[in-house]
Amino acid sequence: MPRYKAYNEQEVLERAMNLFWKNGYEATSMQQLEKEMGINKFSIYSSFGSKSGLLQESIKCYAQKLNSIVEKLQNTPGGVKAIQQYFYDFINFSKESDSQKGCLITNTANECIVENNMEIQQLLNYYTTGIRDVFAEKLRENITYSEEEVQEKADYLFIAMFGFSSATKIFTYTQLKNYISHIFKNI
C-alpha cells in the first residue's frame, strides 16, 4: 500500500531553500534540514533524492521568487534606468527577512559544490545567463549602442550584479546605493 505524504512539499522546500540561502550548501547538515523542514531524512530522500537534489529544487524555488523582479525589469521601459531599478529591487528582495542572505544562486556559485556537480552547475548557468540576456535586451532599448557595446555592457552589468548580490549580505543600504551609483556611471 502506498504511503501518503503528511507534509506539504512546497512548504518544506521553501524552508530548505531558506536554510541553504542562509548557510550555504556545505554548511547545511542533514540534521539541520530535518529540523528546519520538519521531516525526516527518509522523507527528504523520498521527495528530493538527495541533499544535492534538494538544493537543485531549492534553486528552482528561489528562481521562481526572484522572477517577480526579473519580470518587472522585462516589462519596464527605460533601458539602463530599468536595469538600475532592478539593482534597487534586488536589495529589497535579498533583505526581505531579518537575515541578510544575498542571492542563493550567487552564494551557491561561490561554493565548491558547483565544480563537482554538473546538474547544479547547469542550473546556475541557466539562471545567470537568463539575467544577463535580460540586461542585453534592456540595453538594446538605447539605440545608440552597437550590438558589440550591448554585449560588453551586459557582461559588465552581469558581473557587477554578481558582486553586488554578495555585497547585499554585508553592506548597508547607503553603501549599496553608492555602489549602484558607481556601477551606472560606467554605462
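For the reader, a short list of remarks on this structure follows.
- Tally, over segment 143-168, of residues that are over 15 Å from GLY79 (Cα atoms), hydrophobic (A, V, I, L, M, F, W, C) and surrounded by fewer than 13 Cβ atoms within 10 Å (Cβ to Cβ): 1
- Cross-chain or 6+ apart pairs with Cβ under 8 Å, segment 95-109 first and farther than 16 Å from CYS61 by Cα and surrounded by fewer than 19 Cβ atoms within 10 Å (Cβ to Cβ), then at pLDDT 75 or above and among the β-branched types (Val, Ile, Thr): LYS95/THR168; GLN100/THR168; GLN100/ILE170
- Single match in GLN151, GLN175, GLN121 (criterion: at pLDDT below 95 and either touching an Asp or Glu at 6+ places or on another chain (Cβ under 9 Å) or over 30 Å from LEU54 (Cβ atoms) (or both)): GLN121
- Options GLU57, GLU119; residue that is of a type outside the set (A, V, I, L, M, F, W, C) and surrounded by 15 or more Cβ atoms within 10 Å (Cβ to Cβ): GLU57
- Qualifying positions in segment 20-29 - open to solvent by less than 20 Å² (accessible area, probe 1.4 Å), in a helix (DSSP H, G or I) and out of contact with any Cys (no Cβ under 9 Å at 6 or more places or on another chain): PHE20
- Of ARG140, ARG132, all but one fail to be within 26 Å of THR76 (Cβ to Cβ), among the basic types (Lys, Arg) and within 21 Å of the chain's Cα centre (by Cα); the exception is ARG132.
- Filter pass, SER47 being among the small types (Gly, Ala, Ser) and surrounded by 15 or more Cβ atoms within 10 Å (Cβ to Cβ): yes
- Checked against (1) without any contact (Cβ under 8 Å) to a residue 60 or more places away in the chain; (2) open to solvent by 50 Å² or more (accessible area, probe 1.4 Å); (3) assigned to a helix (DSSP H, G or I); (4) closer than 29 Å to ILE91 by Cα, PHE42 passes all but a single condition, namely (4).
- Residue match in segment 8-19 (condition: within 18 Å of the chain's Cα centre (by Cα), modelled with pLDDT of 90 or more, charged (D, E, K, R) and within 22 Å of ASN107 (Cα to Cα)): yes
- Checking each residue in segment 45-64 for being under 15 Å from the mean Cα position of the chain (by Cα) and either in contact (Cβ under 8 Å) with a residue 24 or more places away in the chain or farther than 16 Å from GLN10 by Cβ (or both) picks out LEU55, GLN56, GLU57, SER58, ILE59, LYS60, CYS61, TYR62, ALA63.
The values are calculated or read from the model by the stated rules, or taken from the named source; none is laboratory data. Keep in mind that what you see is a predicted model, and the values were worked out from it rather than measured. Note: ideal-geometry Cβ built from the backbone for every residue, glycine included; neighbour counts use all protein chains shown. Calculation scope for accessible area: heavy atoms of the full protein, side chains included, ligands and nucleic acids excluded. Shrake-Rupley method; radii C 1.70, N 1.55, O 1.52, S 1.80 Å.
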